[in-house]
Amino acid sequence: MDTDAAQGLTHGQTASVQWQNFSVPYEYPVAFVRGLFAPDNPLFADIVARREPAKRHRCYFILDDGIARALPGLIPSIAAYIDAHSDRLEMIAEPMILPGGEIVKNELAHVERMQDAIHELRIDRHSYVVAIGGGAILDAAGLAAATAHRGVRHIRIPTTVLSQNDSGVGVKNAVNFKGIKNYVGTFAPPWAVLNDFDFLTHLPKRERIAGISEAVKVALIRDRAFYDWLETNADALATFQPQAEEYMVRRSAELHMRQIAHGGDPFELGSARPLDFGHWSAHKLEALTHHHVRHGEAVAIGIALDARYSVLAGLLPEGMDERIVVLLENLGLRIWHPALENKDAGGELALLTGLREFQEHLGGELTITLLTDLGTGHEVHEMDPKLVRQSLDWLKARQAK
Ligand SMILES: NC(=O)c1ccc[n+]([C@@H]2O[C@H](COP(=O)([O-])OP(=O)(O)OC[C@H]3O[C@@H](n4cnc5c(N)ncnc54)[C@H](O)[C@@H]3O)[C@@H](O)[C@H]2O)c1
Ligand SMILES: [Zn+2]
């Protein structure tokens, strides 16, 4: 008999440490399509039924009011689609329509409303919550779905450029809490992501342009050839030519997916977050303008700022910053906003507190991605406030030209 074990542990003793160890492979399809709900398109039904093909699957739809208003025929066409595939699909209630944009993320009440519906409608872990909308709705619905029953199946149907080429294909969701962006959220890979380009034609021009900045971002840190392609096709993108827009969305989504799957840190345990290039100042600028500046617009400014900073820090050859700014401008994006100069109560540049907030959100050491070339990111752990101020001066003078 093991007498130690039988006698039990005395205070301050450790008998043994056993390491639990398992891994779960994550896999989900990201599809690019037009006419997702055309009755003869089997994609949606196939994806819902992929695990249990012989069953009739319960689906509950949550819609962004922006797309519901812009496309009044959407709900009837979903209903007709479900009818046409009624051997495999069932719509268990009228879709819920929620306010799109940051409003839905600013009040936990919206998440609670979705959880209420999930509960009332007896949506279990084998039923589907299907969210259709911009990144904000997908974030809020993703959180509701990920936390009800510890996670019900969740399908994302992104309807903005930004959610199709970036946010919708990833593994995160979140809403804002006490004014802090993305404070309450989880990592929860979706069941599927279905990007239907047709939705983009209903987007306000401003939103449609804003999302392109995420493609510029990921090209700048990872893919020189894509960056060159963006330069060559800037006019086609700014005028929404379908082929160019499709390729931009697809390539950007692919690069985001690759970073998540192969970057070594899908659930962001470390301090580095290369996909947040240009984002430390972007998040702050969004907050300083109470989200009047759209996320994508703020990212364009953040990219311009960090490009100039990279030059001033001696990392990026002079002139590359100018080239990046010209691309952003050709795409119809601005590189300056007066709120960049806001001062806090102590008379300090408010933007600089964005660095601390960014670090707090990531945890660990401050890690900012800068550039050493077009297509090559480079991590630093310090930002010199003097160079940030000089970068701002350059941007301000540059846009006044
Ligand atoms: N989870 C992530 O990894 C991640 C990554 C990046 C950004 N985000 C989040 O995404 C959000 C921004 O998302 P977004 O840029 O997609 O915009 P959005 O969700 O804020 O939507 C913008 C506006 O467009 C409307 N809209 C959406 N689709 C439409 C369509 N097809 N036609 C007409 N109107 C439409 C919405 O109602 C809203 O008014 C931010 O909250 C940001 O934090 C999340
Ligand atoms: Zn972003």
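Every number here is computed from the coordinates shown, using simple stated rules; none is lab data. Everything numeric in this text was worked out from a predicted model, so none of it was measured. Please note: Cβ atoms are built from the backbone with ideal geometry, for glycine as well, and neighbour counts cover all protein chains shown.
How do Leu370, Leu362 rank when sorted from fewest to most other Cβ atoms within 10 Å of their own Cβ?
Placing the least packed residue first, the sequence is Leu362, Leu370.
With 10 angstrom as the radius, rank Ile155, Ile212 by how many other C-beta atoms surround their C-beta, starting from the fewest.
Ranking Ile155, Ile212 by Cβ neighbours within 10 Å, fewest first, gives Ile155, Ile212.
In debye to the nearest 20, how big a dipole does the range 207-364 give about its Cα centre with +1 on each Lys and Arg Cβ and -1 on each Asp and Glu Cβ?
Using only the charged Cβ atoms, the result is roughly 140 debye.
Return the loop-located chymotrypsin sites (Phe, Trp or Tyr not before Pro) in the range 262-305 (DSSP other than H, G, I, E, B) with at most 13 other Cβ atoms within 10 Å of their own Cβ; answer none if there are none.
Phe267
Give, rounded to the nearest 20 debye, the magnitude of the charge dipole that the range 121-208 has about its Cα centre when Lys and Arg contribute +1 at Cβ and Asp and Glu contribute -1 at Cβ.
Around 260 debye, computed over the range 121-208.
Could you name the lysines in cross-link range of Lys181, using Cα to Cα under 23 Å and dropping any fewer than eight places away on the same chain?
Answer for Lys181, where 23 Å is the Cα cut-off: Lys105, Lys172, Lys217, Lys284, Lys343, listed by chain and number.
About its Cα centre, what dipole magnitude does the chain give when the only charges are +1 on Lys and Arg Cβ and -1 on Asp and Glu Cβ, stated in debye to the nearest 20?
Computed charge dipole of the chain: roughly 440 debye.
In deg cm²/dmol, rounded to 500, what helix-only [θ] at 222 nm does the chain give when every DSSP H run of at least 4 residues adds -39500 (n - 2.57) and the total is split over its residues?
So the calculated ellipticity at 222 nm is -13500 deg cm²/dmol.
What is the distance in Å between the Cα centroid of the range 284-361 and that of the range 213-256?
If you average the Cα positions of each part, the centres end up 20 Å apart.
With a 10 Å Cβ neighbour count serving as the proxy for reagent exposure, in which order, fewest first, do His279, His290, His57 appear?
His290, His57, His279
Which residue, Val388, Leu371, Gly354, has the largest displacement toward the positive end of the dipole of the range 347-401 when charges sit on each Cβ (Lys, Arg +1; Asp, Glu -1)?
Ranked along the dipole, the leading option is Val388.
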